[in-house]
Amino acid sequence: MALIFLLIGAAVGGVLAIGFGAGMGAAGGLVMGAQAGVCLAADTAREKGLADPETLNAIIMQSIATIRTKAAAVPSETGIEWVQDADGCAELLEKFSDGPKPREG
C-alpha cells in the first residue's frame, strides 16, 4: 500500500509543484508538491476507508522521511515546513487550496 501512496504522491506532487513552486523556488516547490501528493493520497485512502488513522500516520511519516532524504540538497532558506502526520497534511493541503501568497516588496 505504501508503494501506491508513493506513486500517486509523486504524480500529483509534480503537478502541484509547477504552480506552487513559482513563489518559493523550484526546489522548495518540488518538495512541497511531493509532500502534498503524499497528503492527497493519504487523504483519499482515509476517505475510502482503506486504512486506519494510525496506519495512515505511519505511511505519511515514512513517505515524508523518504522525501527529506532525497531533498537533502534543497537549500534550508526555502523555509520548508515538513509534514509529520495527518494533521500536518490537513494544514498543508489547506495552504495549497488557498494558493501561494504574493511576494512583498
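Please specify each residue of the stretch 33-54 satisfying the condition of being more than 17 Å from the chain's Cα centre (by Cα) and assigned to a helix (DSSP H, G or I). Residues satisfying the conditions are E47, P53, E54.
Which of the residues belonging to the stretch 79-94 are hydrophobic (A, V, I, L, M, F, W, C) and either over 10 Å from the mean Cα position of the chain (by Cα) or under 13 Å from P53 (Cβ atoms) (or both)? Matches in the stretch 79-94: I80, A86, C89, A90.
None of the figures in this text is laboratory data; all of them are computed from the coordinates on show. Keep in mind it's a predicted model, so treat the numbers as computed, not measured. Glycine also receives a Cβ, built like all others from the backbone with ideal geometry; neighbour counts cover every protein chain displayed.
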